[in-house]
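Chemist: One structure, pasted below without further comment.
The values are calculated or read from the model by the stated rules, or taken from the named source; none is laboratory data. Remember, predicted model here, so these are calculated numbers, not experimental data. When we count neighbours, we look across all protein chains shown, and the Cβ atoms used for this are built from the backbone with ideal geometry, even at glycine. Accessible surface areas use protein heavy atoms only, side chains included; no ligands, DNA or RNA. Shrake-Rupley method; radii C 1.70, N 1.55, O 1.52, S 1.80 Å.
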Amino acid sequence: MLDSADVTNNHVMVLRDGTMRGGGAFFYVVGSYTGSGGKWKGEAITQEHTPTFATRPWAGKIVTIGFTGTYTDEGAELDAAALVGKRSVRIKSVLRLLMADS
């Protein structure tokens, strides 16, 4: 996260046919995306599934996220804005391909 939000997260994400599903130890993510020519964009919703002991900007909230970025055969990057109540938090994320579609 950017904007002085001292938080990092590791998630497992599955992207397939325009849908996103995933999450980590405390949050889940669902969303959709479109892409063409090495560029992609989308939107997602994230929500806490297990209470976290750490102070996180969106603990206990449903958060909407819009993003744009680039992709290759090896992975993708995105820049996003998460709307947390009346606050906007910028996010930079790197996704790495761990298993190719079979």
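Chemist: Could you list all residues from the range 45-80 that are over 15 Å from Ile91 (Cβ atoms) and among the small types (Gly, Ala, Ser)?
Modeler: Correct list: Ala54, Ala59, Gly60, Gly75.
Chemist: Looking at the range 62-75, can you tell me whether even one residue there is in a loop (DSSP other than H, G, I, E, B), in contact with a Leu (Cβ under 8 Å, 6 or more places away or on another chain) and modelled with pLDDT under 95?
Modeler: Yes, the range 62-75 contains at least one residue that is in a loop (DSSP other than H, G, I, E, B), in contact with a Leu (Cβ under 8 Å, 6 or more places away or on another chain) and modelled with pLDDT under 95.
Chemist: Counting just the residues of the range 36-46 that are closer than 13 Å to Leu15 by Cα and either modelled with pLDDT under 95 or open to solvent by 50 Å² or more (accessible area, probe 1.4 Å) (or both), which one comes out nearest to the chain's Cα centre (by Cα)?
Modeler: Glu43
Chemist: Could I ask something else about it? Cβ-Cβ under 6 Å, sequence separation 6+ or interchain: first residue in the range 49-64 and closer than 11 Å to Gly85 by Cα, partner assigned to a loop (DSSP other than H, G, I, E, B) and at pLDDT below 75. Which pairs?
Modeler: The qualifying pairs are Pro57/Ala5.
Chemist: Of all residues in the range 11-33, which are open to solvent by 60 Å² or more (accessible area, probe 1.4 Å), closer than 22 Å to Thr52 by Cα and either part of a strand (DSSP E or B) or among the β-branched types (Val, Ile, Thr) (or both)?
Modeler: Hits for the range 11-33 are Val12, Arg21, Tyr28.
Chemist: Output the number of the condition that His49 fails; it satisfies all remaining conditions of (1) open to solvent by less than 40 Å² (accessible area, probe 1.4 Å); (2) farther than 21 Å from Leu98 by Cα.
Modeler: All conditions pass for His49, except number (1).
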